[in-house]
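J.: Attaching a single structure in structure tokens format; questions to follow.
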Amino acid sequence: MTADTTTPTPVASGTTGEPALKVDSLWKIFGNRSDKIIGTSDADLSRKDLQEKTGCVLAVKDVSFEVAPGEVFVVMGLSGSGKSTLVRCLTRLIEPTSGSVVLNGEEVTSANEGQLRELRRKQVAMVFQHFGLLPHRQVIENIAFGLEVRGDDRTSRRRRAQEMVDLVGLSGYERSYPDQLSGGMQQRVGLARALAADPAILMFDEPFSALDPLIRRDMQNEVIRLHKEVGKTMVFITHDLAEALKLGDRILIMRDGEVVQVGRPDEVVGAPADDYVKDFVSDVPKSHVLTLKWVMRPARPGESDSGPALQCDTIVRDAARDVLAANGPVRVLDGDKVVGMVDDQDILRVVVAEEGTS
């Protein structure tokens, strides 16, 4: 069973309804005559069988999705799932074999070299696991480097770089060199450099994988904070489910180059598309991810007329104190409409289930 990926993508309020990024039937197959495979019976072969028959390696297979303006869209999968190849195809750092990528209304896959260069300079910025900082340049010069390449004058790029220094919490380190900084601070420089050009979309390819766990957590929190402050559309690649659940408005799960499921964190945990996803999320503390809509029950006659109320998108863990303190069932609302009821037994059922799997 595979997920239904045809559900319309939610679009942030205040937008025109156009997606920030639209990917349609994207393929990447490495090898000779790889473009001849799509549309034939060979395209239906497994990755292993295709390689044995043709010598070609299937990296991305018929992937389609949309990302709404201002959304944090996470692509998650194990090593070899195709996620890093996918993100590089989006800006043609790797040339797709077939398919379409549209970024803010611009067709990336048909762009000429000049158009592609402008798109990479102004529309999108990438943050990689390896920071790629210039060792002989100070922090502020590293942050301003992209603006220098773009041709901005010295005064304006220094001013913009200083703004980014302050934004990512590096004030006081402007004159430091990369080797004088910790890994987390170096990654902050990478974030600041990406933000300096004011791109429409930020793309992250496992940027925190090499960091120590505590620094990694701090950097995840930093991404959340920056997203709240600057509201950028973000595409984030990771192999870490906990990271995906923490950061993503929606998550796309890949396996062997294909999309297995696309959904909000609570949908992925509450309704896994198949046994592969189910196994992935089996150890997730569900009270930290599921919302009240997953545990509520229908209201009985007269039960929904009054009393305490919570919104249906409230995380179970966040709702637990209010529900357990109530003298009776709590109304669950979708806006102003009562959509169900939840009581202490509904909350405890989730918590007990977690303890049983821990």
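The values are calculated or read from the model by the stated rules, or taken from the named source; none is laboratory data. Small disclaimer: the values here were computed from a predicted structure and weren't measured. Here the Cβ is made from the backbone with ideal geometry for all residues, glycine too, and neighbour counts use every protein chain on show. These area figures cover heavy atoms from the full protein model, side chains too; ligands, DNA and RNA do not enter into them. Shrake-Rupley method; radii C 1.70, N 1.55, O 1.52, S 1.80 Å.
J.: Round to a whole angstrom and tell me the spacing of the C-alpha centers of the range 240-309 and the range 38-100.
T.: Cα centres, the range 240-309 to the range 38-100: 25 Å.
J.: Computed FRET efficiency, Cβ-Cβ of Glu18 and Glu118, R0 22 Å: what is it to the nearest 0.05?
T.: 0.65
J.: While we're looking at this one, here's another question. Considering every Cα-Cα pair within the range 54-98, what fraction, in whole percent, is farther apart than 14 Å?
T.: Considering the range 54-98, 57 percent of its Cα-Cα pairs are separated by more than 14 Å.
J.: I'd like the projected area of the range 209-271, averaged over all directions, using the convex hull of its alpha carbons. Report it in nm² with one decimal.
T.: 4.9 nm²
J.: Quickly work out the Ala309-to-Asp35 label distance, labels modelled 7 Å from Cα along the C-beta direction, and quote it in nm with one decimal.
T.: Output for this residue pair reads 5.9 nm.
J.: What is the ratio of the Cα radius of gyration of the range 9-159 to 2.2 N^0.38 Å, where N is its residue count, to two decimals?
T.: Its radius of gyration relative to the 2.2 N^0.38 Å reference: 1.25.
J.: If amide H atoms are built 1.01 Å from N in the plane of the peptide, which residues on other chains or at least 5 residues away come under 5 Å of the amide H of Ser98?
T.: Trp27
J.: Charges at C-beta only: +1 for Lys and Arg, -1 for Asp and Glu. How large is the resulting dipole of the range 83-180 about its Cα centre, in Debye rounded to 20?
T.: Around 60 debye, computed over the range 83-180.
J.: Follow-up. What Kirkwood Rh does the range 105-220 have if only Cα atoms enter the pairwise 1/r average? Answer in Å.
T.: The Cα-based Kirkwood calculation yields 14.7 Å.
J.: From the phi of every residue in the range 127-143, what ³J(HN,Hα) in whole Hz does the Karplus formula 6.51 cos²θ - 1.76 cosθ + 1.60 yield, where θ is phi - 60° and glycine or proline is x?
T.: Computed from phi, the couplings for the range 127-143 are 10, 9, 4, 8, 5, x, 6, 7, x, 8, 10, 5, 3, 5, 6, 4, 5 Hz.
J.: Once fully extended, how much extra length lies between Arg154 and Ala210, figured as 0.36 nm per residue of separation less the alpha-carbon to alpha-carbon distance?
T.: 16.8 nm
J.: When the chain is fully extended, how far beyond the present Cα-Cα distance does Arg300 get from Asp166, taking 0.36 nm per residue of separation?
T.: Gain on stretching Arg300 to Asp166: 42.8 nm.
J.: Take the alpha carbon atoms of the range 220-358, find their radius of gyration, then divide it by 2.2 N^0.38 Å using N residues; give the quotient.
T.: The value comes to 1.17.
J.: With only alpha-carbon atoms in the gyration tensor, what are the semi-axes of the equivalent ellipsoid for the chain, in Å, largest first?
T.: Semi-axes (√(5λ), whole Å): 38, 29, 19.
J.: Under a 5 Å amide H to amide H cut-off, with H placed in plane at 1.01 Å, what residues pair with Arg255 once short-range neighbours are removed?
T.: Under 5 Å from the amide H of Arg255: Val260.
J.: Hey, any idea what the orientation-averaged projected area of the convex hull of the range 146-199's Cα atoms comes to, in nm²?
T.: 3.7 nm²
J.: Over the chain, with a Gaussian network built from C-alpha contacts below 10 Å, which listed residue (Pro178, Pro265, Pro298) shows the highest mean-square fluctuation?
T.: Largest GNM mean-square fluctuation: Pro298.
J.: Give the accessible surface of the chain per residue, rounded to a whole number of Å², with probe radius 1.4 Å and ligands, DNA and RNA excluded.
T.: 49 Å²
J.: Next question. Roughly how many debye, to the nearest 20, is the charge dipole of the chain about its Cα centre, given +1 on each Lys and Arg Cβ, -1 on each Asp and Glu Cβ, and no other charges?
T.: For this selection, approximately 1000 debye.
J.: Convert 4 °C to kelvin, take the viscosity as 1.567 mPa s, use the Kirkwood radius over C-alpha pairs of the range 183-225 as Rh, and evaluate the Stokes-Einstein diffusion coefficient in µm²/s, rounded to a whole number.
T.: 120 µm²/s
J.: Now, a different point. Of Thr54, Leu324, Val268, whose Cα points farthest to the positive end of the dipole of the chain (charges on the beta-carbon: +1 Lys, Arg; -1 Asp, Glu; origin at the Cα centre)?
T.: Thr54
J.: For Thr233, which sequence-distant residues (separation of 5 or more, or a different chain) have an amide H within less than 5 Å of its own amide H, given hydrogens modelled in the peptide plane?
T.: Those qualifying (amide H under 5 Å, at least 5 residues apart or on another chain) are Gly70, Leu202.
J.: Mean-square fluctuation check for the chain, GNM, Cα pairs under 10 Å: which of Ala144, Ala326, Ala194 is largest?
T.: Among Ala144, Ala326, Ala194, the largest mean-square fluctuation in the Gaussian network model of the chain belongs to Ala326.
J.: Hey, any idea what Rg/Rh is for the range 63-138, computing Rh the Kirkwood way over Cα pairs?
T.: So for the range 63-138, dividing Rg by the Kirkwood Rh gives 0.99.
J.: In degrees from 0 to 90, rounded to the nearest 10, what is the angle of the helix 213-230 Cα long axis to the longest principal axis of the chain?
T.: Approximately 90 degrees, to the nearest ten.
J.: Here's another thing I want to ask about it. Which entries in Lys232/Lys293; Lys122/Lys246; Lys28/Lys48; Lys22/Lys232; Lys246/Lys286; Lys286/Lys337 show an alpha-carbon gap greater than 19 Å?
T.: Among Lys232/Lys293; Lys122/Lys246; Lys28/Lys48; Lys22/Lys232; Lys246/Lys286; Lys286/Lys337, the Cα-Cα distance tops 19 Å for Lys232/Lys293; Lys122/Lys246; Lys286/Lys337.
J.: Between Lys53 and Asp283, 0.36 nm times their residue separation minus their Cα-Cα distance comes to what?
T.: Gain on stretching Lys53 to Asp283: 79.0 nm.
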